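Heads up, the thing below is written out as structure tokens.
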Amino acid sequence: MKKVITYGTFDLLHWGHINLLKRASEYGDYLVCAISTDEFNALKNKKAYYNYEQRKMILEAVRYVDEVIPEDNWEQKLDDVYRHNIDTFVMGDDWKGKFDFLKRHCNVVYLPRTANISTTKIKQELLLVNS
Ligand code: C2G
């Protein structure tokens, strides 16, 4: 069984996230999605609208995702690759090159981000609409 892993906050889940998850899932038979805990988001200077449990529940409902695990820190990726027996690590290309250290341990794939959509854009446009 070919296993894939990807990481993110996945807040206010949108079609750009789904497009990433769909393409990531096509690199194998089983997709593990590591989502940032609220504490790790604080380290990323991100404040998610939905908390970890809510984001986990939403991602577990996505057909392309087979398992959701917590992302607690920047250092866990190498352990995750071995603990979960991962063949391919996938991220959007805004992260291009940042995780090349994993190339000795698994395939590393950076996929083009989906244009014109982001959680930040959604929040900003909602602010405008309601201002
Ligand atoms: N993404 C995308 N297109 C968008 C928005 C996001 O392809 N329009 C991708 C990102 O490149 C990332 C994933 O969707 O691979 C999740 O995006 P975020 O939730 O913004 O995750 P991020 O804050 O980049 O956290 O350790 C890695 C970090 O946890 C990644």
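The values are calculated or read from the model by the stated rules, or taken from the named source; none is laboratory data. Keep in mind it's a predicted model, so treat the numbers as computed, not measured. Counting neighbours? That spans all protein chains shown, and the Cβs are built from the backbone with ideal geometry, glycine included.
A few notes on this one:
- Extreme residue, farthest from the chain's Cα centre (by Cα), among residues of region 75-131 that are acidic (Asp, Glu) and over 20 Å from Tyr64 (Cα atoms): Glu125
- Residues being loosely packed, with under 15 Cβ neighbours inside 10 Å and not in a helix (DSSP H, G or I) - total across region 54-69: 3
- Looking only at region 80-92, and only at residues there that are in contact (Cβ under 8 Å) with a residue 12 or more places away in the chain and of a type outside the set (A, V, I, L, M), the one that is nearest to the ligand (Cβ to nearest atom): Gly92
- Number of residues in region 77-109 that are more than 23 Å from Met1 (Cα to Cα) and among the polar types (S, T, N, Q): the value is 0.
- Members of region 80-99 that are among the polar types (S, T, N, Q) and in contact with a Phe, Trp or Tyr (Cβ under 6 Å, 6 or more places away or on another chain): Thr88
- Members of region 11-38 found to be outside any helix (DSSP H, G or I) and either touching a helix residue (DSSP H, G or I) at 6+ places or on another chain (Cβ under 9 Å) or near the ligand (Cβ under 9 Å from one of its atoms) (or both), listed by number: Asp11, Leu12, Leu13, His14, Leu31, Val32, Cys33, Ala34, Ile35, Ser36, Thr37
For (1) away from the ligand (no atom under 11 Å from the Cβ); (2) at pLDDT 95 or above; (3) surrounded by 14 or more Cβ atoms within 10 Å (Cβ to Cβ); (4) part of a loop (DSSP other than H, G, I, E, B), each residue gets a yes or a no:
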| residue | (1), (2), (3), (4) |
| --- | --- |
| Asp94 | no, yes, no, no |
| Lys98 | no, yes, no, yes |
| Tyr110 | no, yes, yes, no |
| Asn116 | no, yes, no, yes |
| Thr120 | no, no, no, no |
| Leu127 | yes, no, no, no |
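- Within region 1-10, the set of residues being within 20 Å of Ile122 (Cβ to Cβ) and either free of Cβ contacts under 8 Å to residues at least 24 places away in the same chain or more than 8 Å from the ligand (Cβ to nearest atom) (or both) is empty.
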